[in-house]
1. Can you sort Y37, Y114 by how many other beta carbons sit within 10 Å, fewest first?
2. Just the ratio, please: alpha-carbon radius of gyration of segment 98-312 over 2.2 N^0.38 Å, N its number of residues.
3. Would you please give the residues with an amide H less than 5 Å from that of L226, counting only those at least 5 places away or on a separate chain, with H modeled from the backbone geometry?
4. Mind listing the long-range amide H neighbours of A135? Cut-off is under 5 Å, sequence gap 5 or more, other chains count too, H placed in the peptide plane at 1.01 Å from N.
5. Starting from the amide H of G266, placed 1.01 Å from N in the peptide plane, find each other amide H under 5 Å away whose residue is 5 or more places distant or on another chain.
6. Order of T284, T156 from fewest to most other C-beta atoms within 10 Å?
7. Putting +1 on Lys and Arg Cβ atoms and -1 on Asp and Glu Cβ atoms, find which of T132, N182, L148 reaches farthest to the positive end of the dipole of segment 98-312.
8. Give the order of Y257, Y100 when sorted by the count of other beta carbons within 10 angstrom, beginning with the fewest.
Amino acid sequence: MDIVLKKLNEGIVLMSIGIILLFNVTGFIDWGIWLFYLNFWPIILIFAGFRLVLSIVKSFQTIIIIFQIILWLLIIFGGVVYYKSHSYNGYSLSAKEYYYALSTDNNINVPVAYDLNFSFGDYDISDTDNSTYDAIVVDGKYSESFGLPIVTSLVTENEIKYSFKQEKEFFVLNGFINTPNNFKIVLGRKNISDMQIDLGAGKLTSKLANVKIENLDINIGAGESLIEFANEVEVGNMNIKVGAGKITLVLDKSYRYSIDYNVGAGSINVENKSVGGLASRGNTTNISANTDSKKVLSINIDIGAGEFVLDYDS
């Protein structure tokens, strides 16, 4: 009898998984339900505990197996009912359109700060020379898995801070299974005191043409980033942290630079020359650019297993 129940239990597990997969391929329910089930991962420990008990307590094997079957069915099919009835879209393959323009400052000469927090996807940052443009414009598509995009402003005595983020941060399984975000962000103010860019994973392209930034911080978890500064752009200090991704910085020839670096297992390539080495610290400056230029970019780089490349615009 116990052997029959064990086989019945295993058969029900396989049938349940097959039924959910059938729901997925027929479109009855989206694939995001598997991430929904991950919220109940402690159940695995419960089932493992049942197996240990079964191997020791022989007299209650039938009751325990029946209880395990009931619990499994409740979790699987109860989850389907809950997921459908509550329109649970916390984990979804769908992407939604998004557009938002924000402008709260009346004086465009007041220094502003930007805090841009990107989870996973393809992001494009640019600026404008239109003095009447909104302070920040966000246009694109977002995955519901990462939550609704949020654009805010905070006014203080010294600056106005504009922030962009999504309700949920980057999660590896979300990134692999769900549709990535795709945003184009336009910065409408020229005088920027601080600018913070955080990218969990994906691709970041930032081509700036008219801004003045005192401090620029860029943190890359994984992915690839391209940052370009045109002739009119002025950046004082730049702090870069790269985990396992790659960041390429392209400068106008009017720039000079000074680089302080700390490299773990990654690499630094400056003007087609390798700088530093494995587990190294040091400093390098350029000699090929316009030595009479007053535009000197101070760069601090901290690289884990990633790559940093610096070159001039041809």
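No lab work stands behind these numbers, since they all come straight from the coordinates. Note that the coordinates shown come from a computational prediction; the quantities given were computed from them, not determined experimentally. Here the Cβ positions follow ideal geometry from the backbone for every residue, glycine too, while neighbour counts run over all protein chains shown.
1. Y37, Y114
2. Compactness ratio reported: 1.02.
3. So L226 has HN proximity to L204, T205, S206, T248.
4. L102, S103, T104
5. HN-HN under 5 Å from G266: A279, G306.
6. T156, T284
7. Value: N182.
8. Y100, Y257
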